[in-house]
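One structure is given below, encoded as structure tokens.
We did not get these values from a lab; they are worked out from the coordinates using the rules stated. The shown structure was predicted, so the numbers you read here are calculated from the model rather than taken from an experiment. In this analysis, Cβ positions are derived from the backbone assuming ideal geometry, glycine residues included, and neighbour counts consider all displayed protein chains.
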Ligand SMILES: C[S@@+](CC[C@H](N)C(=O)[O-])C[C@H]1O[C@@H](n2cnc3c(N)ncnc32)[C@H](O)[C@@H]1O
């Protein structure tokens, strides 16, 4: 009996968790093995509600050597849904973006596009030191994941902006990377747009690194509770990857107001939250889960990652439910969508600043 066998989904909470997987889930890790000159791909693809077997598509084609149905001990609750393969680098073009998606065998029931992954060609910008990368992630992080994840999250922005805002990223004038950390997303934004790109963060260590190493953007250190150093309506769009995932409710409301102020009317606020797939990823207690389901927002406490020296205790770990976001964020923003699994297990909240009429 697999960990996802219906017979084991006994409690109502387990049934609820299973329903969160109805659109399936694709997670990919891509690592270059220099010694063997291969690209190592691994991950899992959990089927959609129809149960149809999903297969990985690599830039539109299928690789016959992919091994499916493997068991992934790190995600035992997903059962035997892991895959892996190794592709000779000589079969791949290093100048193109490599895209990974999942489709059912008859191509009718894909895992949603927004869960796709994209490996961007290497650039000549330096990687931040491990000490910087550690400050933005508790998970194991290294240069390959830094490049793959950052590139993936930025690559998909063009389509999101086009689809929901009829906005051409290449023609935008001004972009804010709010909570830029050590520039994981910021460095890629300039590959898609000639806009003025600003990064801000409360972590002086990483802002200093960005200032010295990422010349295409400007960076500012900001205060956890003070307005940003920008005029009203300065930005066409704002990306905030994994920032609202770390804010108390009071800080969340302060920053929703402030981001709204600096965004142009009709502009796009694209931020991630920990939602359904994060709950499958993490092991919350039954009590915490019930609290989250009742309140729609759960703060599980301080994250001692060292990025909140300015105000120890400020940096937290929090979860959101979609109903809470629709209810509490909609005085300033139209919530156009909440895309589960856009950024690994995090969901992208697609918000449009309500234009003044
Ligand atoms: C998980 S890291 C993500 C960094 C970056 N967005 C990325 O994806 O690589 C969260 C970042 O948000 C920053 N941060 C937290 N609260 C903030 C705030 N109120 N304003 C700006 N940055 C903030 C932290 O210092 C940290 O660098």
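Key figures
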read-out: Cα-projected label distance for residue 330 with residue 18, points at 7 Å along beta-carbon direction, nm; value: 3.1
read-out: Mean-position separation - Cα centroids, the stretch 9-78 and the stretch 270-341, in angstrom; value: 24
read-out: Pairwise FRET efficiency - residue 282 versus residue 248, Cβ, R0 = 25 Å, nearest 0.05; value: 0.85
read-out: Extension gain, residue 73 back to residue 34 (0.36 nm per residue minus Cα-Cα distance, nm); value: 11.4 nm
read-out: Whole-number percent relative contact order across the stretch 6-119, with pairs defined as alpha carbons under 8 Å at least 6 apart; value: 28
read-out: Computed P(r) (all Cα pairs; the stretch 130-353; 10 Å bins; percent); value: 8, 35, 40, 16, 1
read-out: Helical contribution to [θ] at 222 nm, DSSP H n ≥ 4, -39,500 (n - 2.57), averaged over the chain, rounded to 500; value: -7000 deg cm²/dmol
read-out: Computed over the chain: relative contact order in percent, which uses C-alpha pairs under 8 Å that are six or more apart; value: 13
read-out: Protection-proxy order for peptides 329-339, 12-22, each taking the mean of Cβ atoms within 10 Å per residue, highest first; value: 329-339, 12-22
read-out: Computed E for residue 192/residue 91 - FRET, C-beta separation, R0 35 angstrom, nearest 0.05; value: 0.85
read-out: Protection-proxy order for peptides 144-150, 94-100, each taking the mean of Cβ atoms within 10 Å per residue, highest first; value: 144-150, 94-100
read-out: Computed over the stretch 268-357: relative contact order in percent, which uses C-alpha pairs under 8 Å that are six or more apart; value: 39
read-out: Ordering of 34-40, 268-274 by packing [mean C-beta count within 10 Å, highest first]; value: 268-274, 34-40
